[in-house]
Amino acid sequence: MRASALPILQCGLAAGLAWWFATEVVGHTRPFFAPIAAVVSLGLSLGARMRRSVELVCGVTVGIGIGDLLIALIGTGAWQITLVVTLAMGTAVLIGSGPIFSMQAGTSAVLVATLLPPGDAAGFERMVDALVGGLVGIAVVAVVPTHPVRRARRDAAGILSTAGEVLQLVADGLIANDPKPIEKALRKARATQSAIDSLRSNLSGGKEISRISPLYWGTRARLARLTATADPIDNAMRNIRVLARRSLSLVRDDEILDPRLVDEIEKLSHALDVLRRMILAEPGEQPDQAEAARVLRSAASGMKPDLVEGAGISATVVFAQIRSLIVDLLRVAGLERISAIATLPPTVPKPAYRPDV
């Protein structure tokens, strides 16, 4: 509820303003669709609000236009509604629209086919009301914006916190040779996909807000840095899931494992807490990217091939996943991919990228 409080307030404010504008300025007597359009275009999700507004207005236009044209020729009835809705939604999909576009095209076509006589001015008024609602929604976002960085930053920190917990559970299971902590770790890792999707949505919404709201024009650089962490965080969680699965196989097969490899997993668990605090830190606060990178470089320096000398397949896969994970996390800390790879000790005589160790 706390996270949704401001979007809810925005929807309520936009609905009231859209009704007022449509009645007092435009002169419509019952502009019920203006506040509906405002609420639909905003919603509780911060992502793609401008796109939703455009889709809504275009969908209403397509639906009413096709409905008005066909119903005037073929009349109303069950088969006419079927035809009109099919053509309206098909047209919206062919244009290459999103779901709101096609849904509004279909519902607007139904409205024309059932309630509005062909050629009636109410169809045009509905199009105007859709435009009013969409524009008022955008205006409310500009004047009463949510913070473009805060929600995405909280999402990223939450994912990194879970990642650290997962690695610690994996380490506990490997130390005790017990599959139960690792099974729990795997469940937690698999449950992070919704948080990753939310992170991407909030980053998209934040980018939109930073463009249309003068209050937050100054956050663009910080938002760009946070946006650059989305793919590495997603990749890190994917690597952690594979690491957990292979660790589970390792324990179940009673495979021999070098204790130093478990130490590396624990080091990464602690490094993830530093990354989490880096994401939450305000500009100028510690830990910053340099501190997070320093901690990760320390973990990277120990990932030498002798950790899996004579080891089985599962231990080798775990070793490889840890190295990939370190690269992902260093990218979260601001390093380029090549620079991140260079922090790792080489595993072949002639590596593609010269090691910086």
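Candidates Val25, Val60, Val54, Val40: the one that is without any contact (Cβ under 8 Å) to a residue 24 or more places away in the chain, of a type outside the set (Ser, Thr, Tyr) and part of a helix (DSSP H, G or I) is Val25.
Taking the options Gly218, Gly206, name whichever one is of a type outside the set (Asp, Glu), without any contact (Cβ under 8 Å) to a residue 24 or more places away in the chain and over 30 Å from Ser249 (Cβ atoms).
None of the other options fit; the residue is Gly218.
Mind checking whether some residue in region 33-48 is over 25 Å from Arg150 (Cα atoms), open to solvent by 70 Å² or more (accessible area, probe 1.4 Å), modelled with pLDDT of 80 or more and of a type outside the set (Val, Ile, Thr)? The answer is no; no qualifying residue exists. Of all residues in region 152-191, those being at pLDDT 95 or above, closer than 20 Å to Ala292 by Cβ and open to solvent by 20 Å² or more (accessible area, probe 1.4 Å) number 5. Within the set Ala195, Ala244, the sole residue that is under 13 Å from Val170 (Cβ atoms) and either open to solvent by less than 80 Å² (accessible area, probe 1.4 Å) or among the hydrophobic types (A, V, I, L, M, F, W, C) (or both) turns out to be Ala244. Just to be sure I understand the filter: pairs with C-beta atoms under 9 Å, separated by 6 or more residues or on different chains, first member in region 70-84 and open to solvent by 80 Å² or more (accessible area, probe 1.4 Å), second member outside any loop (DSSP other than H, G, I, E, B). Which pairs pass? The qualifying pairs are Thr76/Ala113; Thr76/Thr114. Figure legend. Inter-residue proximity from region 97-113: first residues over 14 Å from Leu87 (Cα atoms), second residues open to solvent by 10 Å² or more (accessible area, probe 1.4 Å) and of a type outside the set (A, V, I, L, M), beta-carbon distance below 6 Å, spacing 6+ or different chains. Indicated pairs: Ser97/Glu55; Gly98/Glu55; Ile100/Arg52; Ile100/Glu55.
Does Ser210 satisfy the condition of being assigned to a helix (DSSP H, G or I), open to solvent by 60 Å² or more (accessible area, probe 1.4 Å) and of a type in the set (Gly, Ala, Ser)? When the stated conditions are applied, Ser210 does not pass them. Residue check, His147 against (1) assigned to a helix (DSSP H, G or I); (2) in contact (Cβ under 8 Å) with a residue 60 or more places away in the chain, all met but one. Which one? It is condition (1) that His147 fails. Out of the residues in region 95-120 meeting the condition of being of a type in the set (A, V, I, L, M) and more than 18 Å from Val57 (Cβ to Cβ), tell me which one is modelled with the highest pLDDT. Top of the filtered list is Ala113.
Restricting Glu55, Glu24 to residues that are charged (D, E, K, R) and open to solvent by less than 30 Å² (accessible area, probe 1.4 Å) narrows the list to Glu55.
Pick from region 1-21 the residues that are under 19 Å from Arg126 (Cα atoms) and open to solvent by less than 60 Å² (accessible area, probe 1.4 Å): which of them is nearest to the chain's Cα centre (by Cα)? Within region 1-21, the match that is nearest to the chain's Cα centre (by Cα) is Ala14.
The condition (being buried (at least 20 other Cβ atoms within 10 Å of the Cβ) and not in a helix (DSSP H, G or I)) is satisfied by just one residue among Leu257, Leu296, Leu250: Leu257.
The values are calculated or read from the model by the stated rules, or taken from the named source; none is laboratory data. Source: prediction; values computed, not measured. Neighbour counts are summed over all protein chains in view; Cβ atoms, including those assigned to glycine, are modelled from backbone coordinates with ideal geometry. To get the accessible areas, we keep the full protein, side chains included, count just its heavy atoms, and leave off ligands, DNA and RNA. Shrake-Rupley method; radii C 1.70, N 1.55, O 1.52, S 1.80 Å.
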